[in-house]
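The values are calculated or read from the model by the stated rules, or taken from the named source; none is laboratory data. Worth saying up front: this structure is predicted, and the values here are computed from it rather than measured. Note: ideal-geometry Cβ built from the backbone for every residue, glycine included; neighbour counts use all protein chains shown. We work out accessible area using only protein heavy atoms, side chains counted, and drop any ligands, DNA or RNA first. Shrake-Rupley method; radii C 1.70, N 1.55, O 1.52, S 1.80 Å.
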Amino acid sequence: MSELSQEEIRRRRLARLAALDMNVSPTVIGQESLPSPSIAMVPLSPSTPGPSHVNIETGPPATEAPLSDLRGAEDTSSQMEVDEKSSVSQVDVDSGIENMEVEEGDRKDRNRTFSSSTEVTEEHVVSGVIRVLGVSWLERAEGVFFLPETAAAYRAALEEGAYSLDVQDLVSQALMEVLALFKRGENPMTDIAPVPPCPAVGNLDSPGVSPTPASPVVTLPHEPLLVPALQQPQDAYTLSLSYLVNCYSRVTVEERNHPKVGRSSIPPLSDILSDIRAQCVQFSALILQGVMFEDQPPHETPLLGLLLNTQQQQLPRGFLPELVARTYANNDAFHKVGNCSDRPLLQGLFFTMHSASIIGNKHREPIQSLSELLDIRCGPSGNIRPICQLLTHQVQFLPDTVTLAVGRELARTSFLGPFLSVSVFAEDEPKVAEKFFSGNTASDKSLNQTLRQELENTRILLHKVFHDILVNGSSREATLSYLAMLLRNNEKRAQIQIDERLVAGDGFMLNLLSVMQMLAIKVKLDKVDMFYPFHPSSTIDIKNETRLKFTSQEVATWVDELNRSKTHKWREPKFPTQCWFLTLHLHHTSLLPACQKYQRRLRALRDLQKLVRSPSFYTMVDEMQATEAQWKEMHFAARNKELIKHWKQQIKKLTRSKACADAGLLDENLLRRSLQFYTSVAEFLLAALAVPGAGSPSSLPLPGEGPPIFSALPEWYVEDIAEFLLFALQFCPSVVADSVEDSLVTWLLVGVCSPHYFRNPYLIAKIIEVLFVVNPGIQPRTEQLHARIMAHPISETQLPSCLMKFYTDVETTGSSSEFYDKFTIRYHISLILKGMWDNPVHRQAIVNESKSGKQFVKFINMLMNDTTFLLDESLESLKRIHEVQELMADTDTWTQTPQDQQQIRQRQLTADERQCRSYLTLAKETVDMFHYLTVDIKEPFLRPELVDRLAAMLNFNLQQLCGPKCKNLKVRNPEKYGWEPRRLLSQLADIYLHLDCDGFAAALAGDETRIGRKKVGECVPATLVAVERKDVPATLVAVERKDVPATLVAVE
């Protein structure tokens, strides 16, 4: 048989198509009379790569396999055209499918086989194609669907004597016939064997990117993901796409099942499998563009169900990347693929996420799917992310707001809002509290760890989402604008009083903060522009913020000078700078408000616990139930019972809310990232001081005037560091103890030693409070951190004198509550100094400070004032407590007291007990300081301006403790108030002994309140010391032996 020419093959093919498609319209698959799979295609991309062309050669009597002559139209009507003069069958490259040609020079002898290391015969190739497509044109068999039209065309080609089997055309013919069957309402998938499951690579085996590391085992109850209004795969669109995806998956199965044989890894079978992949993607693109079928596309894009795995079928790895790669260059085709229905793919994910929740893990699939979609890369260098750009063009990405609650509105309506709203806080997800937290502390604690791990996995995925969008140049600016919009419209969260209905919730803001923390962690501080907060085009607003030193007018003047300066040039804001400052401000509007809210919740819970009795939480009888006998017959008894019931419900609600907040806020991963970022803020502040070696002792004290850029920074830049450290030290001390870096320690010490750089003394007080809480006596888990701080060179040389100076300066702070605030601040300082006194290096520094001049004298003067006031108030409170307790002990008298008087007395007793505890705590520390300082330091106490006042103070308090009215200081349960009279009297006597000298004796003699030897000897044994000699302090034994130093009984 002579070899057929190309023209002869062309004519025979057209005749065969005419016989198959006798009464068929050549436009689209959509008319009832369409028996053939011949379809038209719209252009995809002129630069889209197509599958390689493969011929499998045969010999007589076999002939070329039958093909439908496909030609993509160049206009939107998708009209099929046949060029009679063409010498080969072809498809426009604009359609995205490469030309399918039969090369005459490739035809060889029919008996030839293909081999390299392994022989691949025609039978191997055909059987592989049949397994992949799930169809057959040779014979009917189980597990495959028989295609009669493809079989007829195949037999016709053999009868015509074709020498070569064009597998590419054969695959195309088979795929088109299957799609035509779907259009006619048939479902060949029922006869096709299911695709074997592929090994799981990640949470979703879909869009072909590096999988996210598998999450740890999470035991949260799992519920199926419900996709809103998702159509079941009954329409031709969904069925066709599902079939093509299955074929794509079976290619992977075929390659995996024959690795050792090598048939699937060498030509021609490897080329054929690649070609099948390409054709599946091409046909899928045409289906999603809506040009394959004339029916109305489904409400939901068919891709959504496959992507979310809600149809028991997953998108195989590599499918979506290839689909995007073949369409992204043609903007029209790309948008048609993405918007092929009333609810496109991204919109489907958006609405699905709206109904998702951490309950049942229904939030995982949409976030994972979005993450993998955004990671699809195209272009010659792989730096183009088309989905990222498509996402920023969504109408909800930067939505127009219509309400006054802009912060909360953005969290609900912006495209990324639902993805950031995954939360365990009861205010955001009330069902979390109801479903997970029963009130059992042990089970709740174990569940907390599970919820935290789930949140951490979610935040890692969200970070990947934002990273992909920001790394893509075309979508970066829109995303930064979105972040700035979220920050700007949630600034009210940082206010003391806010309406939480107007701003985003804690869960949303902490998720956003976590994302920014992960982005900022790689930002080098030397890449951050310090002047960015004052930049004319800055995305952050600090105009209304209180500054560290400057007034608002001074800030305006300084910024105006910068604008007019010829030496200063504003640098164009770069991403590292924008990212770092956005993260800093997000800490202020998300983390700190959440911490403050958590503490308010604890206070509210404690207050309620004082009012009612709940066996789940405490055993003490509450105030109201303790007095029930007094009011149960009153007219308001029903109201009281209703209040008790209401309070118990409130306690249950607050307890569950606290458990949710424990899971969401007390997360070590979150707090550790926050600590790491605040360390960089400390480094930023040290750099802003602009003093070489600002962290070294030699640089202290710093120059009198701070640098303008430091003075103009917002006050909360410093305050937030201290507030965060105090919160973490209280609720999660291990994070601070294990992770604090030296730069943060240096900043704390430099801040304490540079109070003149701050206008607000409470900023220094906050930093001092941090040093106080780090003391092992307050927080035992920070012993090593305390040792590090005390070993710092600044602590050894500068800290003692600076603490004593601030002890004096805090007498006036400018606040309305300064009188009471100073006692708390001085209490913190006294404990810090007490800890330092035990260290020889620090003790010597304190002794040296006492010799340096008037500063120490002022310190002693304030110390005496505080001791006098605190001891006087404490002893007066004890007398009032004693009086009420004696009255209540007399049952007859107490019962005859009117009811209103009883209530007044009880309220006064409660107030006195609270005040006594507070004042005695402060008084003990001031007396302690006197006690240990007078051991090694005497001269300043004996100066003329101090010694008389000191003698008067000691004599007065000694007389209070040993005088005739000392029995009025006896109270029940003295340990409840911290009342230790023996210890106090012993310390006062020791101070007399420490200062024993003629000068001090003269001062005592000149005091009118002095107490003689006889009175001391009479009062002490009878009132405050035990009968047994072993319980009497040594100083008081000396009194009884009448061998007391002259200073104690100077002149009678």
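Numerical summary
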item	result
Filter pass, SER816 being touching a Ser or Thr at 6+ places or on another chain (Cβ under 9 Å), open to solvent by 60 Å² or more (accessible area, probe 1.4 Å) and part of a loop (DSSP other than H, G, I, E, B)	no
Qualifying residue in the range 713-727 (condition: more than 24 Å from LYS822 (Cα to Cα) and in contact (Cβ under 8 Å) with a residue 24 or more places away in the chain)	yes
Cross-chain or 6+ apart pairs with Cβ under 7 Å, the range 738-759 first and within 19 Å of ALA787 (Cα to Cα) and in the same structural domain as ILE789 (by the TED database), then among the charged types (D, E, K, R) and not in a loop (DSSP other than H, G, I, E, B)	SER739/ARG672; SER743/GLU683; VAL745/ARG788
Matching residues, the range 482-496, being open to solvent by 60 Å² or more (accessible area, probe 1.4 Å) and within 21 Å of CYS388 (Cβ to Cβ)	none
Options PHE869, PHE806, PHE823; residue that is among the aromatic types (Phe, Trp, Tyr) and assigned by the TED database to the domain that holds ALA952	PHE869
Considering residues of the range 749-764 that are open to solvent by less than 10 Å² (accessible area, probe 1.4 Å) and not polar (S, T, N, Q) only, the residue farthest from LEU592 (Cα to Cα)	CYS753
Meets criteria (under 30 Å from ALA426 (Cα atoms), modelled with pLDDT under 95, outside the structural domain of LYS549 (by the TED database) and open to solvent by less than 10 Å² (accessible area, probe 1.4 Å)) for ALA688	no
Within the range 878-984, helices (runs of 4 or more DSSP H) holding 2 or more residues that are in contact (Cβ under 8 Å) with a residue 12 or more places away in the chain and surrounded by 12 or more Cβ atoms within 10 Å (Cβ to Cβ)	899-936, 944-962
Qualifying residue in the range 641-652 (condition: at pLDDT below 85, polar (S, T, N, Q) and closer than 22 Å to ARG907 by Cα)	no
Test: residue in the range 772-780 that is open to solvent by 10 Å² or more (accessible area, probe 1.4 Å), assigned to a helix (DSSP H, G or I), modelled with pLDDT of 95 or more and not small (Gly, Ala, Ser)	yes
Some residue of the range 500-515 being surrounded by fewer than 22 Cβ atoms within 10 Å (Cβ to Cβ) and either without any contact (Cβ under 8 Å) to a residue 60 or more places away in the chain or more than 30 Å from ILE367 (Cβ to Cβ) (or both)	no
Boolean, GLN855 is surrounded by fewer than 13 Cβ atoms within 10 Å (Cβ to Cβ) and part of a helix (DSSP H, G or I)	no
When residues of the range 538-552 are limited to those that are open to solvent by 60 Å² or more (accessible area, probe 1.4 Å) and among the charged types (D, E, K, R), the one farthest from ALA484 (Cα to Cα)	LYS549
Exclusive hit being surrounded by fewer than 20 Cβ atoms within 10 Å (Cβ to Cβ), at pLDDT below 90 and either of a type in the set (Phe, Trp, Tyr) or under 30 Å from GLU886 (Cβ atoms) (or both), set ALA1026, ALA1038	ALA1026
Only one of THR567, THR583, THR557 that is touching a helix residue (DSSP H, G or I) at 6+ places or on another chain (Cβ under 7 Å) and either outside the structural domain of GLU715 (by the TED database) or part of a helix (DSSP H, G or I) (or both)	THR583
Verdict on ILE860 being open to solvent by less than 20 Å² (accessible area, probe 1.4 Å), at pLDDT 90 or above, under 28 Å from PRO776 (Cα atoms) and in a helix (DSSP H, G or I)	yes
